[in-house]
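Participant: Okay, here's the structure, questions in a sec.
The values are calculated or read from the model by the stated rules, or taken from the named source; none is laboratory data. These numbers were taken from a predicted model, which means no experiment stands behind them. Every residue, glycine as well, gets a Cβ built from its backbone with ideal geometry; the counts of neighbours run over all protein chains shown.
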Amino acid sequence: MKRDARDGLLISPIENGTVIDHITGGEALNVLKIIGITGATTESISVATNVKSGKVGKKDIVKIVNRELRKEEVDRIALIAPKASINIIRNYEVFEKKGVEIPRLLTGVVRCPNPGCISNTNEPILSRFEVLPEGLHCLYCDQKITRDIASHLI
Ligand code: CTP
Ligand code: ZN
């Protein structure tokens, strides 16, 4: 196991759980929000932000003890941290390592910023966005989201 000394100084290895590594620098708090960590949760979490990393310049790392992530959570993380890697740790070893992939279609993931959009009415309709290189595109009203996607996450 290769060990990044700087990372190691900040946060210790975990026995079981998930390490979300190579998070875009500064996005760790948005990742916490996605996985439902608030001031009221009791889970053991470590966070390191703006750690030096060869691969992505500066990265954030989030370690969650005794928890694995659901696909919906990983898909949301991909949107704000496309270079993240999800490491499943079992008995101190990296049991599985996978990258994240931005889905082509987002259903019920992002709220449309257009108040008049049918996905924002009382109709039981989930928002639907297609993912384009320039941003997200609402399939109901054509609204585009090109920046700060994290603030639009449902
Ligand atoms: N890790 C951890 N606890 C463990 C094992 C690993 O917190 N018991 C963390 C490491 O600190 C690292 C991540 O999980 O942030 C992935 O571990 P590893 O694959 O060993 O690190 P690298 O080889 O540096 O990973 P990559 O090739 O993805 O950069
Ligand atoms: Zn819309």
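Participant: Tell me, please, whether a residue that is touching a residue at least 24 places away in the same chain (Cβ under 8 Å), out of contact with any helix residue (DSSP H, G or I) (no Cβ under 9 Å at 6 or more places or on another chain) and closer than 29 Å to Glu68 by Cα can be found in the range 130-146.
Facilitator: yes
Participant: Something else now. Would you point out the residue of the range 45-69, among those that are of a type outside the set (S, T, N, Q) and outside any strand (DSSP E or B), that is farthest from Val31 (Cα to Cα)? Can you show your working first?
Facilitator: Taking the range 45-69 first, the residues of a type outside the set (S, T, N, Q) are 45, 47-48, 51-52, 54-65, 67-69.
Among the residues that remain, those that are also outside any strand (DSSP E or B) are: 54-56, 67-69.
Working: Gly54: 21, Lys55: 19, Val56: 17, Arg67: 14, Glu68: 14, Leu69: 12 Å.
Out of the qualifying residues, it is Gly54.
Participant: Give the number of residues within the range 46-62 that are of a type in the set (A, V, I, L, M) and either over 15 Å from Lys83 (Cα atoms) or at pLDDT below 95 (or both).
Facilitator: Matching residues across the range 46-62 total 4.
Participant: So which residues in the range 91-124 are modelled with pLDDT of 95 or more, within 12 Å of ligand 2 (Cβ to nearest atom) and polar (S, T, N, Q)?
Facilitator: Within the range 91-124, Asn114, Ser119, Asn120 qualify.
Participant: For the range 70-86, check the following and say yes or no: at least one residue is in a strand (DSSP E or B) and either closer than 18 Å to Asn16 by Cβ or under 16 Å from the mean Cα position of the chain (by Cα) (or both). Steps first, please.
Facilitator: Of all residues in the range 70-86, those in a strand (DSSP E or B) come to 85-86.
Next, from what is left, pick out any that are either closer than 18 Å to Asn16 by Cβ or under 16 Å from the mean Cα position of the chain (by Cα) (or both): 85-86.
Yes, the range 70-86 contains a residue that is in a strand (DSSP E or B) and either closer than 18 Å to Asn16 by Cβ or under 16 Å from the mean Cα position of the chain (by Cα) (or both).
Participant: How about the range 87-101: which of its residues are hydrophobic (A, V, I, L, M, F, W, C) and either in a strand (DSSP E or B) or surrounded by fewer than 12 Cβ atoms within 10 Å (Cβ to Cβ) (or both)?
Facilitator: Within the range 87-101, the first condition is being hydrophobic (A, V, I, L, M, F, W, C), and the residues that meet it are 88-89, 94-95, 100.
Correct list: Ile88, Ile89, Val94, Phe95.
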